[in-house]
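A quick write-up on the structure given underneath.
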Amino acid sequence: MKSSYRPGRRGRGRVLAAWLAAVPLALAACGQAGTAETSAAGNAPRAGGTLTFGLSTDPISINPRGAGAGNDALYVSRQLVDSLTEQDPATGKLIPWLATKWEASDDARTFTFTLRDGVTFSDGSPLTAQSVKDNFDDIVRAGAKAPSSIIYFTGYKATEVVDKLTVKIEFTTPNAAFLQASSTAALGLLGPSTLARPVEERDVANVVGTGPFTLDHYTKNSEVVLKRRKGYGWAPADREHQGDAYLDSVVFKVIPEAGVRTGALQSGQIAAIGSVPPQNVQVLRSSGYTLVVRPNPGNVFSLTANESRPLLKDVRVRQALAKAINAQEVRDTVLTPDFAVATSILARTTPDWTDLSGALTFDVEAAKKLLDEAGWTPGADGVREKDGEKLSLVTTWLSNFGPNQSALELIQQQLSKIGVKLELQTYTVPELLQVYAKGTFDLAWGNLSRADGDVLRTNYSTAGNNYYRIDDAGLEDALRGQQSTADGAERAGHIQRAQKLIVEKAHSIPVFELTTILALSSKTHGITLGADSRLQQLNDAWVS
Amino acid sequence: MPARYVARRVVQALFVLWAAFTVSFVILYMLPGDPVSVLAGSDSGRDITPEQLDALRHEYGLDRPVIIQYLTRLADVVHGEFGRSVQSHQPVQTMIADALPATAQIAGLGLLLAVLFGTGLALAATYVSWGWLRQALLSLPPLGVAIPSFWFGLLLLQVFSFRLGLFPAVGNEGLAGVVLPAVTLALPSAATIAQLLAKSMSTTLREPYIETARAKGAGRPRIHFRHAVRNAALPALTVAGLVVGNLLAGSVVTETVFSRTGLGRLTALAVGTQDIPVVQGLVVFAALVFVLINLAVDLVYPLLDPRIARRSAAVS
């Protein structure tokens, strides 16, 4: 993934060259996504030692069911729990983990898992079909108190214990994405000693799973310390190392300031850091640190139209915006070459992603023509008008990703060249939810991570929260279609059709892929990112 | 000390606590959304149904009329019950008690440093005879107030941790980890104390009783460090509450920069996630600290300056 190209605006020739360079870059990244840039220098892994990892936020809750702080909470809880299946980051396919095989009914309402024999929780109790039932019933009982997990249980009917190692989960409505959900940490299995406690007592302690590490202690806003689980013997096949983890212990340190994380890594005080800000990537790379880079699967950062507002009802106006946004320039100016320009509404690490870069070309003249056709004529101040109304669009955004503001300010400049004005408005999460509910916005900037195409249903289906009020029967049909079939090829067809419709009708305008970047010291090895682009279980990690 | 003087101060303190609670309640409830909607706003929460969210609102009592919520919470708080965090479900008292020692360490050392440096600078600046040096010293406090703690903390880290490796950049362990945060925290308070004391010293040194002392043959050091300081320190003592308040407020930035646990980080996180019970617990706690210090100052003041007790007695 090394590239001699440096970001910055250097004229058209440079941009074109970069664009050409980016194509093999993207392809190469597809093949080896999630692997570190430099190998472990031929040394044999060494058992023992402590890994100190710098997190960007306090996890808040290390219960994999809880909302916690999102990524950083999952970095920790993933180490404690295993899941029924594993999504192989190299292929996006599900492979056996705690379940050796599984089967979905044709209507995607019933899922049967056969469990691996001999697995135990760290409290000593064995993993059985009853454990799975207890876990899933517990999630449904907890409802919104298990926010990360309850979302996969829409239409849950029951879990049936078929025999000691066979369990059947039934839904009243189709839920094809449940299979992928079974690989997430959110559905990682918790031991009976955890389930015996009220949900309220599982956030900072008492999280017991079958994972390769166990919880030693969690001090809020400071650190989480994990110890190696002895006798671990059920790592999935995508890990190089089976059996007990190499590391004696893992210390996650909460270091909120990005500059301090980088400084602590550079001064040798910690061994690895997450959430490396784009502006620090080049300096770390050039001074010999290993960067672990993987695009986040799911909905890329995109601008989504609120189609209940008159301005963006007209597909020509939306398409004009798509053509006038120079995503390449955004990437080159505010990000690093590690971030890829979007090639679809889904990131290329999402299963069933399809390459639509041909439909995402930058063409200012075509954009102007579309606006002319739609009846928007340039006004005296450069902003287009129609029937006395200005083509001025209220655009909402959250500061959940550092470069958002600069990216949007650049897009604002780009769109001003075709006579479209963006009014940028940033909100806190609760404020934004109210704006979405009221529909008082034209464009919404954001992304949504999930390693399954079902993320499109969450974002764009009119049956869901329906933030964007999209009126497209074909799209809705594709979104429900993918939910209703267990046939992989048929499902992929629906998800690809949905991507095409979203991009071609410019319901949402993809710009770039959110990308997770970790940095490791030269003495830290074997750290990878999982299919969800979050920290993988640290079975393979070791320190020299 | 007259009992009525003490009683009045205590009643005033209770009023401040009630006002802090009420104002924080009103502000938090005027914000759009509620703690439960924050859950729905997370990446993974987009698919949570409105019914599931409403069930949680009901459990937390957020669906009841605001006045009922206010009175219930007020009654709970009077009984020392602040509820549980919406995010991590821990009792608020436990969270504050866990975070307090870490903040107390840096605030305690910070206060000590602030008093030492602030007093030292003020006395030195008013003592030196060279005008240019006096001007130079007196220009330090405004500079100290103007330097952003955030920037100053990062600077200290850069030099003493990343470059020289003398102190750890991250964490709460040991005495070494307390030094840089305490220095960062002390800077604005030291500057405030220095400014105030220097001003009050120069006023005091022009008082007639200083002339009397000088006429009686007292030397300059004796006049400066015995006669003048005693009187000049009184106004500086009045702002003790303010200084401690500043230390608590400064802990938000300082603890973030130095990756420490503590009340400041707890506040930042709770505000960010709209964790109402935690924010309210912290506001009331901060008000309590503020009130206790002011109460202590009010009660000590008459002992230091008999004129105040006499005046107070005359009025009541």
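The values are calculated or read from the model by the stated rules, or taken from the named source; none is laboratory data. Bear in mind that the values here come from a model prediction, so they are computed numbers and not experimental data. FYI the Cβ positions are ideal-geometry reconstructions off the backbone, even for glycines, and counts take in every protein chain you see.
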Quiz item: Which fully enclosed helices (runs of 4 or more DSSP H) of segment A:437-514 have 2 or more residues being within 14 Å of chain B (Cβ to nearest Cβ)?
Solution: A:455-460, A:473-483
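For (1) touching a helix residue (DSSP H, G or I) at 6+ places or on another chain (Cβ under 6 Å); (2) within 24 Å of B:ALA102 (Cα to Cα), each residue gets a yes or a no:
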position	(1), (2)
B:ARG163	no, no
B:PRO168	yes, yes
B:LEU175	no, yes
B:VAL178	yes, yes
B:PRO188	yes, yes
B:ALA198	yes, no
B:PRO208	no, no
B:ALA213	yes, no
B:GLY219	no, no
Quiz item: With segment A:59-154 as the region, which strands (runs of 3 or more DSSP E) entirely inside it contain at least 3 residues that are over 18 Å from A:GLN537 (Cβ atoms) and touching a Phe, Trp or Tyr at 6+ places or on another chain (Cβ under 8 Å)?
Solution: A:99-104, A:110-115
Practice problem: Could you grab me the full set of residues in segment B:83-111 that are more than 12 Å from chain A (Cβ to nearest Cβ) and crowded, with 24+ Cβ neighbours inside 10 Å? | Solution: B:VAL92, B:ILE106, B:ALA107, B:GLY110
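For (1) more than 30 Å from A:VAL276 (Cβ to Cβ); (2) surrounded by 24 or more Cβ atoms within 10 Å (Cβ to Cβ); (3) without any contact (Cβ under 8 Å) to a residue 24 or more places away in the chain, each residue gets a yes or a no:
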position: A:THR440; (1), (2), (3): yes, no, no
position: A:ASP454; (1), (2), (3): no, yes, no
position: A:THR462; (1), (2), (3): yes, no, yes
position: A:ILE470; (1), (2), (3): yes, no, no
position: A:GLN496; (1), (2), (3): yes, no, no
position: A:LEU518; (1), (2), (3): no, yes, no
Quiz item: Which numbered condition trips up B:ALA136, out of (1) modelled with pLDDT of 90 or more; (2) out of contact with any helix residue (DSSP H, G or I) (no Cβ under 6 Å at 6 or more places or on another chain); (3) of a type in the set (Gly, Ala, Ser)?
Solution: (1)
Quiz item: Take the residues of segment A:269-278 that are touching a Pro at 6+ places or on another chain (Cβ under 9 Å) and more than 7 Å from chain B (Cβ to nearest Cβ): which is nearest to B:TRP151 (Cα to Cα)?
Solution: A:PRO277
Practice problem: Would you check which residues across segment A:239-257 are charged (D, E, K, R), facing chain B (nearest Cβ under 9 Å) and assigned to a loop (DSSP other than H, G, I, E, B) and list them? | Solution: A:GLU257
Quiz item: Which condition breaks for A:GLU373 when tested against (1) within 14 Å of another protein chain (Cβ to nearest Cβ); (2) over 26 Å from B:ASP275 (Cβ atoms)?
Solution: (1)
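Looking only at segment A:421-436, count how many residues are out of contact with any Ser or Thr (no Cβ under 7 Å at 6 or more places or on another chain), more than 14 Å from A:ALA305 (Cα to Cα) and either more than 9 Å from chain B (Cβ to nearest Cβ) or among the hydrophobic types (A, V, I, L, M, F, W, C) (or both).
Total satisfying the criteria: 1.
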Exercise. Could you check how many residues of segment B:257-290 are in contact with a Phe, Trp or Tyr (Cβ under 7 Å, 6 or more places away or on another chain) and within 13 Å of chain A (Cβ to nearest Cβ)?
Key: 2
Quiz item: With respect to B:ALA233, is the statement that it is outside any helix (DSSP H, G or I), away from chain A (no Cβ under 14 Å) and hydrophobic (A, V, I, L, M, F, W, C) true?
Solution: no
Quiz item: Restricting attention to segment B:158-206, and to residues there that are over 22 Å from A:SER267 (Cβ atoms) and among the hydroxyl-bearing types (Ser, Thr, Tyr), which single residue is nearest to the other protein chains (Cβ to nearest Cβ)?
Solution: B:SER189
Practice problem: Check whether at least one residue in segment A:119-126 is surrounded by 16 or more Cβ atoms within 10 Å (Cβ to Cβ), away from every other protein chain (no Cβ under 11 Å), touching a Lys or Arg at 6+ places or on another chain (Cβ under 7 Å) and in contact (Cβ under 8 Å) with a residue 12 or more places away in the chain, and report yes or no. | Solution: yes
Self-check item: The one condition in (1) over 24 Å from B:LEU299 (Cα atoms); (2) at pLDDT below 80 that B:GLY262 fails to fulfil
Solution: (2)
Exercise. Return the total of residues in segment A:396-409 being surrounded by 22 or more Cβ atoms within 10 Å (Cβ to Cβ) and in contact (Cβ under 8 Å) with a residue 60 or more places away in the chain.
Key: 1
Exercise. Please specify each residue of segment B:45-82 satisfying the condition of being over 20 Å from A:SER61 (Cα atoms), surrounded by 12 or more Cβ atoms within 10 Å (Cβ to Cβ) and small (Gly, Ala, Ser).
Key: B:ALA55, B:GLY61
Quiz item: Take the residues of segment A:258-268 that are free of Cβ contacts under 8 Å to residues at least 24 places away in the same chain and buried (at least 21 other Cβ atoms within 10 Å of the Cβ): which is nearest to the other protein chains (Cβ to nearest Cβ)?
Solution: A:GLY263
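Residues checked against (1) under 30 Å from A:ALA69 (Cβ atoms); (2) in the same structural domain as A:ALA519 (by TED's automatic domain parsing); (3) buried (at least 23 other Cβ atoms within 10 Å of the Cβ):
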{"position": "A:PRO277", "(1), (2), (3)": "yes, yes, no"}
{"position": "A:THR304", "(1), (2), (3)": "yes, no, yes"}
{"position": "A:ALA322", "(1), (2), (3)": "no, no, yes"}
{"position": "A:THR336", "(1), (2), (3)": "yes, no, yes"}
{"position": "A:LEU356", "(1), (2), (3)": "no, no, no"}
{"position": "A:LYS369", "(1), (2), (3)": "no, no, no"}
